[in-house]
Amino acid sequence: MIGIIGAMEVEVQGILEQMTDKTTRTIGGLDFHEGKIGGAPVVVVKCGIGKVNAAHCASILVTSFDVAGVINTGVAGGINPHVNIGDVAISNDLVQHDVEATEFGYVTGQVPGLASPYFAACKELIEKAKTAAKDALPEGKKWHVGRIATGDQFIASRRAKDAIWESHVPLCTEMEGAAIAQVCMLTATPFVAIRAISDKADGTAHEDFPTFMEETAVTSAKLVMGMVGE
Ligand code: ADE
């Protein structure tokens, strides 16, 4: 079974609508929906926004369900100048851009005690995402494989965006992926994040995010359904 996590209703709604044989178990205040997509067993859950919600959810998902892999679906703010609204980022690795323990000799983003600030995504899931992207992307939109930077901040200024770019050179930024990646690393669960770009994480983000959130969330969900269907 594959576990699918989205932070917001709009990020999981399309998947829940396509699911058959649906049953729901509520654990830790979260509704875990088990069922099938294209004949393949999945469990789909809305975790809420931010790293704590995401880690809480991922932890329950990997310990209470027999998941062979976890996919995080949703939207993100573009950081790399070559990434445009409507494009899709497939995580090669993920980092928490708001972790700072450099005072103790760690590099920026590195959680004390861990060997690297970067959590590698599963190669097999990346390949599945690349294949599914061919059918899921709207005309003229591109997919990219690269780094995703996560933090408990909605990035909406040139200054904040540039700081993340200079530290980690990611494709995009969002608020859950690396937290889920860390839980998956701790539990040896294969993981990938799929994020469609809803805004450019700068001074235009407050307008673009509400405008493009829905259609880009649907793009990401469509790609994820293409990955899991048999
Ligand atoms: N998700 C979508 N856009 C975002 C942004 N600009 N910052 C953080 N998370 C996001």
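The values are calculated or read from the model by the stated rules, or taken from the named source; none is laboratory data. If you're wondering where the values come from, they're calculated on a predicted model, not measured in any experiment. Note that we place each Cβ from the backbone using ideal geometry, even for glycine, and neighbour counts take in every protein chain shown. Areas reflect the complete protein model, heavy atoms only, side chains present, ligands, DNA and RNA absent. Shrake-Rupley method; radii C 1.70, N 1.55, O 1.52, S 1.80 Å.
Given the options Gly109, Gly74, name the one that is in a strand (DSSP E or B), open to solvent by less than 10 Å² (accessible area, probe 1.4 Å) and on the phi > 0 side of the Ramachandran plot.
Gly74
If I go through the range 195-227 residue by residue, how many of them are open to solvent by 20 Å² or more (accessible area, probe 1.4 Å), more than 11 Å from the ligand (Cβ to nearest atom) and within 15 Å of the chain's Cα centre (by Cα)?
Adding up the residues that qualify gives 3.
Answer yes or no: is there a residue in the range 122-129 that is within 12 Å of the ligand (Cβ to nearest atom) and not hydrophobic (A, V, I, L, M, F, W, C).
No, the conditions are met nowhere in the range 122-129.
Within the range 145-163, which residues are more than 9 Å from the ligand (Cβ to nearest atom), open to solvent by less than 60 Å² (accessible area, probe 1.4 Å) and more than 17 Å from the chain's Cα centre (by Cα)?
Ser157, Asp162, Ala163
Return yes when His33 is outside any helix (DSSP H, G or I) and away from the ligand (no atom under 14 Å from the Cβ) and no when it is not.
So His33 fits the description; yes.
Residue under question is Ala101, and the condition is that it be modelled with pLDDT of 95 or more, of a type in the set (Gly, Ala, Ser) and buried (at least 20 other Cβ atoms within 10 Å of the Cβ); does it hold?
So Ala101 fails the test.
Need the failing condition index for Gln96 against (1) of a type in the set (S, T, N, Q); (2) open to solvent by 20 Å² or more (accessible area, probe 1.4 Å); (3) touching a residue at least 60 places away in the same chain (Cβ under 8 Å), just the number.
The number of the failed condition is (2).
Can you run down the residue pairs with Cβ atoms below 7 Å, 6 or more apart or on separate chains, where the first is in the range 171-191 and farther than 18 Å from Val99 by Cβ and open to solvent by 10 Å² or more (accessible area, probe 1.4 Å) and the partner is within 16 Å of the ligand (Cβ to nearest atom) and assigned to a loop (DSSP other than H, G, I, E, B)?
Leu171/Ile79; Leu171/Asn80; Leu171/Val83
Pairs, please: C-beta under 7 Å, at least 6 apart or cross-chain, first residue farther than 19 Å from Ala160 by Cβ and assigned to a helix (DSSP H, G or I) and in the range 200-219, second open to solvent by 50 Å² or more (accessible area, probe 1.4 Å) and more than 10 Å from the ligand (Cβ to nearest atom)?
The qualifying pairs are Thr219/Pro138.
Can you pull out every residue in the range 91-121 that is within 17 Å of the chain's Cα centre (by Cα) and within 16 Å of the ligand (Cβ to nearest atom)?
Within the range 91-121, Ser91, Leu94, Val95, Gln96, His97, Asp98 meet the criteria.
Can you pull out every residue in the range 17-30 that is open to solvent by less than 40 Å² (accessible area, probe 1.4 Å) and either within 18 Å of Thr189 (Cα to Cα) or part of a loop (DSSP other than H, G, I, E, B) (or both)?
Met19
Within the range 56-71, take every residue that is open to solvent by less than 10 Å² (accessible area, probe 1.4 Å), out of contact with any Ser or Thr (no Cβ under 6 Å at 6 or more places or on another chain) and not in a helix (DSSP H, G or I) and give me the one that is nearest to the ligand (Cβ to nearest atom).
Of everything passing the filter in the range 56-71, Ile71 is nearest to the ligand (Cβ to nearest atom).
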